[in-house]
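**Q** Here's a structure for you.
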Amino acid sequence: MEVKTFGVIGAGQMGNGIAQVAAAAGLNVVMLDIKEEFVQKGMANITRILSRSVEKGKLAADEKDAILGRIATTTELSEMAKVDFLVEAATENEKIKFQLFKDLDEICPAHTILSTNTSSIPIGRIAAQTGRPDKVVGMHFMNPVPVMKLVEVIRGLATSDETFQLTWDLSVKFGKTPAESSDFPGFIANRILMPMINEAVFTLYHGVGTPEAIDTVMKLGMNHPMGPLALADLIGLDTCLAIMETLYDGFKDSKYRPCPLLRKYVEAGWLGRKSGRGFYDYG
Ligand SMILES: NC(=O)c1ccc[n+]([C@@H]2O[C@H](COP(=O)([O-])OP(=O)(O)OC[C@H]3O[C@@H](n4cnc5c(N)ncnc54)[C@H](O)[C@@H]3O)[C@@H](O)[C@H]2O)c1
């Protein structure tokens with residue numbers, strides 16, 4: 001199947017990045033969120049990033065206009081009837097994703113692939129909400145999407161070889177390097193990354209070091225490009241907590257217990273960069 005029209009559900013930090021790379025690869029994109037202001041915020045972010053590329057001489061101005069011209073926006077899920085392939089990048093919440101996949105299964109034509117950018121929720125559980133589990137797959141982009149090279153492609157128990165291959169090939173078309181993961185909570189990336197971030201939060205919680213000290217140790221001592229607390233702020237603390245809860249729930253192992261400090265920050269609305277405050281203050 002040739003993918004001509006590409007849907008993105010959720011215009012947040014991941015969704016708008018995915019819409020940008022798909023449009024840059026020449027696909028017609030429909031980007032959806034629940035409110036017009038969220039969709040507009042997503043478009044403004046894409047415009048800002050492309051404008052910066054033009055200023056730096058990395059992108060021609062007419063190419064920027066062409067990319068933006070390929071992205072349509074909507075708040076109506078029924079618009080997904082037009083797409084051949086979609087990526088769901090809504091909030092990391094099982095209830096939201098399950099309802100979306102039930103609705104999308106009704107709305108989308110039989111050939112449409114329903115992929116998800118979930119960070120940790122098993123693909124098989126999402127696929128079970130639909131009547132087309134063979135066409136459900138994980139397409140896990142990294143943040144920020146236009147910059148990061150990896151796409152983790154996750155094969156659910158029922159994902160067909162055709163669906164897997166199409167997702168793999170699309171990732172390459174988007175200029176990314178895919179890696180295959182099987183379907184366990186957190187897949188490969190967050191099975192390894194998120195317990196490290198959670199341990200950094202415990203280190204702060206136990207008063208072992210300040211955020212600056214913890215991040216400096218990991219940057220200069222372990223050669224990580226970003227410290228774990230700064231990275232948590234970039235990912236979003238709500239997303240980090242949701243991933244830890246999925247790991248804890250999925251493995252029933254106390255080593256995945258989310259740090260109470262992480263929960264406290266999320267409950268206070270300190271979600272990291274996207275809310276202006278997390279382990280650091282973004283003013
Ligand atoms: N942040 C990261 O670093 C990162 C990396 C990889 C994957 N992910 C995953 O990507 C997904 C999105 O994360 P994000 O960081 O972009 O979150 P975000 O909070 O920036 O954006 C989520 C968007 O989803 C929208 N949304 C909520 N319910 C919706 C619905 N029913 N229909 C349509 N849109 C809806 C919200 O309005 C919001 O704009 C999550 O599953 C997350 O786990 C995040």
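**Q** Please give the charge dipole size of the stretch 22-97, origin at the Cα centre, charges +1 on K and R Cβ atoms and -1 on D and E Cβ atoms. Round to the nearest 20 debye.
**A** It works out to roughly 300 debye.
**Q** Right, something else. Mean residue ellipticity at 222 nm from the helices of the chain, using -39,500 (n - 2.57) per DSSP H segment of n ≥ 4 over the full residue count, to the nearest 500 deg cm²/dmol?
**A** Value at 222 nm, helices only, nearest 500: -14000 deg cm²/dmol.
**Q** Then there is this: Rounded to the nearest whole Å², what accessible area per residue is found for the chain with the 1.4 Å probe? Write out the running numbers ahead of the final one.
**A** Working: 13130 Å² over 283 residues.
Result: 46 Å² of accessible area for each residue.
**Q** Give the separation of the Cα centroids, the stretch 16-68 to the stretch 183-198, in Å.
**A** So the two Cα centres are separated by 29 Å.
**Q** Something else now. Which value results when the Cα radius of gyration for the chain is divided by 2.2 N^0.38 Å?
**A** Details: Rg = 18.7 Å, N = 283, 2.2 N^0.38 = 18.8 Å.
It is 1.00.
**Q** Sticking with this structure for a sec: Between beta-carbons, use under 14 Å as the cut-off and find the net charge around Ser254, counting Lys and Arg +1, Asp and Glu -1.
**A** Values: positive: Lys252, Lys255, Arg257; negative: Glu199, Glu245, Asp249, Asp253.
In short, -1.
**Q** Okay, moving on. What are the ³J(HN,Hα) couplings of the stretch 70-77, residue after residue, when phi is run through the Karplus curve with 6.51, -1.76, 1.60 and θ = phi - 60°? Round to Hz, x for glycine and proline.
**A** Ordered by residue, 3J(HN,Hα) equals 8, 9, 9, 10, 7, 10, 9, 4 Hz.
**Q** Which of the lysines could a cross-linker bridge to Lys135, judged by Cα under 25 Å and excluding same-chain residues fewer than eight apart?
**A** Candidates past the 8-residue exclusion: Lys4, Lys82, Lys95, Lys97, Lys102, Lys149, Lys173, Lys176.
**Q** Follow-up question, since we're still on this one. Measure off 7 Å from each Cα along the Cα-to-Cβ vector at Lys264 and Met226, then give the distance between these two points in nanometres to one decimal.
**A** It works out to 2.4 nm between the two label points.
**Q** Provide Phe251, Phe174 ordered by accessible surface of protein heavy atoms (probe 1.4 Å), highest first.
**A** Phe251, Phe174
The values are calculated or read from the model by the stated rules, or taken from the named source; none is laboratory data. As the structure is a prediction and not an experimental result, all values here were calculated from the model. For neighbour counting, all protein chains shown are included, and Cβ atoms are generated from backbone atoms with ideal geometry for every residue, glycine included. Accessible surface areas use protein heavy atoms only, side chains included; no ligands, DNA or RNA. Shrake-Rupley method; radii C 1.70, N 1.55, O 1.52, S 1.80 Å.
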